[in-house]
Ligand SMILES: Nc1ncnc2c1ncn2[C@@H]1O[C@H](COP(=O)(O)OP(=O)(O)OP(=O)(O)O)[C@@H](O)[C@H]1O
Ligand SMILES: [Mg+2]
C-alpha cells in the first residue's frame, strides 16, 4: 500500500515548486489584484462613504481568496494538458480523491497567503480600520465557503480534461459568471430580475452576505464604529455554505471521474506520440 | 506467480471524430483491429510497425490510459480496465514525447513522480542521480529548468522517470528516439541489465531495427492496427524470404497495405 500521505504531498510539492519557478507571475498577479482591488474600494472613498468602502473591501478580499482557490484547482488540470504531463499523472497509482485533495490543499494555502498579501497591499491605498468587526467569524465563513469553492473548482477542472483548447476558456467564463451573480461588490437586488435566481446557486452569495453582517457594516453606528454581528446571526448562511460544500465536493469528484473515463474511451487524454 | 505478464486478446480501438455540426456524422479511425498477443514474465517483446500502425495506442491501452472498444486485456494477471489500480502500481512507461513541467528541473519532476509512487525523497534522489549519471545526463544540470535542456537530455529524464520506479513491467514507446548513438547504447545496456538482475518484463516499440534485434526475444509486426507477423528476428527474416530485419519490416508491413488497397479498389 503506497502511503496516501506521500501521494498527497506529491501534489503540494509539485505546485509549490511551480509557484516558485513562476514567481514573477505570482508577483504580477498579486500586484494586479491589489491595484484592481484598491481601484474598486476607492470608489467608496470617492463617495465619502465608509460603509461602501468597507463593503467593497470585504468583497475584494473574499473574492481574492475564493477565486484564486477555484482557479488554482480548475487550472491545475489545464496546466497539465499544456505540459503534457496529464497522462503520467493519470497513470500513477493515485486515487482521484488523493490527487484532488493534494491540489486543493495547496490551493487553499496559496490563496490564503495571496489574500493576506492583497490585504497588506490595500492598506497602502486605503485607511482601513476593522475594529469592532467579528474577525473570527469572518475566518469561519471563509473556511466553510472554501469547501464549496473546492467543489466548484473540481467541476470546472473537468473542462480541460475534456477539451484541451476550450477547457481553460470555459473555466474563465464560469468564474466571471460567478463574480457577476454573487454580488461581490453590490447587493444582489440591483441585478436584473432574471439573473437574481442564479445568485441563490452561488456559494459566494452566502459567503459575502455573511461576511458583511460579521464585519458590521450594516449595523455601523452613526460615527462610523463597526458593530460586528455574532456568529449566530449568520447561522443560516453557514448551514447553506456547508451544505453546498458537502454537495459540491462529492459531485465534483464524481463528475471528474466521469470525465476521466470518457476521455479514456475517446482518446482525449493524448497529446502527441 | 506463473501468469503471463501481458495477455491481449482481440483488442480493438476506434477513434471517432465528429465532422458535422449535428450528431451522427463522424469519421472512424480503427487504430487497433483485433490484436492478440502475450508476453511471458521476464520476456522482452518488440512491437514494430509503420507510423500510425497502432503501437502507441496499444501501449496506452496497457498503461490504463485508453479503454479498448473490444477484446480482453490482462496485465500481470490483472484485468483491464477493472483492476487498473493494481496495474498502475506495477508499470512504468516511457513515451516519445518527454512530457514534463518544463519550468521545473529534472530533480523536481522526478521527485514529484517518485512521491506519487510512494518513494522516499532521499532514496528517490539518489537513484535518480545514479540513473541519469549512467545515461550521460549532465548532473550539474540536475536542478536547472528542463526547458533549458536539449531534447535528448529531456528524453533521458523521461527514461529515468520510468526506471526510478523499478516496476516489474516496463512499457517503452520509442524510448531511444532522439538519443545519440552512445546514449542509445547506454539505455540498451541498462535495459538488458534490468532484465538480468530484476527480471523486468519489457514491451518496446522502436523504429531502430538493431535495437529490436538486440533487445527483444520476440517481435510483433503491426500494420494498420493488425498484428501481421510474430516471432524472433530470425523468424521474421525467414518469413520475409531473407535479407535483414529492415527488409522484413518493409516486406511484412507493406504486404498488408497492398492487400487493403486492392480491397478498396475492388469495392469501388
Ligand atoms: N487520441 C487519439 N485520437 C484520435 N486518433 C488517434 C489517437 N491516438 C491515435 N490515433 C490514431 O490512431 C492511429 C494509430 O496511432 P498510433 O499513435 O498508435 O501509431 P504509432 O504506431 O504509435 O505510430 P508512430 O510510429 O508514428 O508513433 C493513427 O491513425 C492515429 O492518428
Ligand atoms: Mg507511436
### Message
With the crude spin-label approximation of a point 7 Å out along Cα→Cβ, what separation in nm comes out for residue A:116 versus residue A:135?
### Response
1.2 nm
### Query
Roughly what would the spin-label model give for residue A:3 and residue B:134, points 7 Å off Cα along C-beta, in nm?
2.5 nm
### Task
For chain A, with a Gaussian network of springs between Cα atoms less than 10 Å apart, report the residue from A:166, A:81, A:212 with the top mean-square fluctuation.
A:166
## Note on the structure
note: the protein assembly as shown, Cα-Cα separations exceeding 38 Å make up a percent value of 40 percent
### Query
Tell me, what is the FRET efficiency for residue A:162 and residue B:151 to the nearest 0.05, using R0 = 22 angstrom and their Cβ-Cβ distance as r?
0.15
### Message
Given a Förster distance of 30 Å, report the FRET efficiency between residue A:35 and residue A:236 from their Cβ-Cβ distance, rounded to the nearest 0.05.
### Response
0.25
## Note on the structure
Length-normalised contact order of chain B, Cα under 8 Å, at least 6 apart, in percent, tallies to 23 percent
### Message
Just to be sure I understand: with springs between alpha-carbon atoms less than 10 Å apart, which residue in A:193, A:51, A:225 has the highest mean-square fluctuation in the Gaussian network model of chain A?
### Response
A:193
### Message
Give the average over all directions of the projected area of the C-alpha convex hull of the range A:2-266, one decimal, in nm².
### Response
15.0 nm²
### Message
Give the average, rounded to an integer, of partner chain Cβ atoms located within 10 angstrom of each Cβ in B:96-102.
### Response
6
### Query
Label 7 Å along Cα→Cβ of residue B:244; the range B:151-192 residues with amide nitrogen under 17 Å?
B:181
### Summary
Here the gain from full extension of residue A:180 to residue A:128, 0.36 nm per residue of separation minus their alpha-carbon distance, amounts to 16.2 nm
### the range A:36-97: relative contact order as a whole-number percent, Cα under 8 Å and 6+ apart
21 percent
### Partner chain coverage, peptide A:20-32 - average Cβ within 10 angstrom
1
### Query
To the nearest whole number, what is the average tally of beta carbon atoms from other chains within 10 Å of the beta carbons of peptide A:76-84?
2
#### Entry: Rel. contact order, % - alpha carbon contacts under 8 angstrom, at least six apart, chain A
25 percent
### Query
By how many nm would the segment from residue B:182 to residue B:144 lengthen if fully extended, with 0.36 nm per residue of separation less the alpha-carbon distance?
11.4 nm
### Task
Taking every Cα atom in chain B, find the radius of gyration and the maximum pairwise distance Dmax, and write them in Å.
19.6, 64
### Message
Need the C-alpha centroid separation for the range A:1-65 versus the range B:40-100, integer Å.
### Response
42 Å
### Query
Just from its helices, what would the mean residue ellipticity at 222 nm be for chain A, if runs of 4 or more DSSP H residues each count -39500 (n - 2.57) and the sum is divided by every residue, rounded to the nearest 500 deg cm²/dmol?
-26000 deg cm²/dmol
### Query
At 222 nm, what helix-only mean residue ellipticity would chain B give, in deg cm²/dmol to the nearest 500, using -39500 (n - 2.57) for each DSSP H run of four or more?
-12500 deg cm²/dmol
## Note on the structure
Contour minus Cα-Cα span, residue B:83 to residue B:232, at 0.36 nm per residue, comes to 50.5 nm
## Note on the structure
GNM of chain A, Cα pairs under 10 angstrom: of A:48, A:134, A:172, the biggest fluctuation goes to A:48
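Bear in mind these aren't lab numbers, they're just calculated from the coordinates by the rules spelled out. Owing to the predicted nature of the structure, the values given are computational and were not obtained by experimental measurement. Glycine gets a Cβ as well: all are built from the backbone with ideal geometry, and neighbour counts include every protein chain shown.
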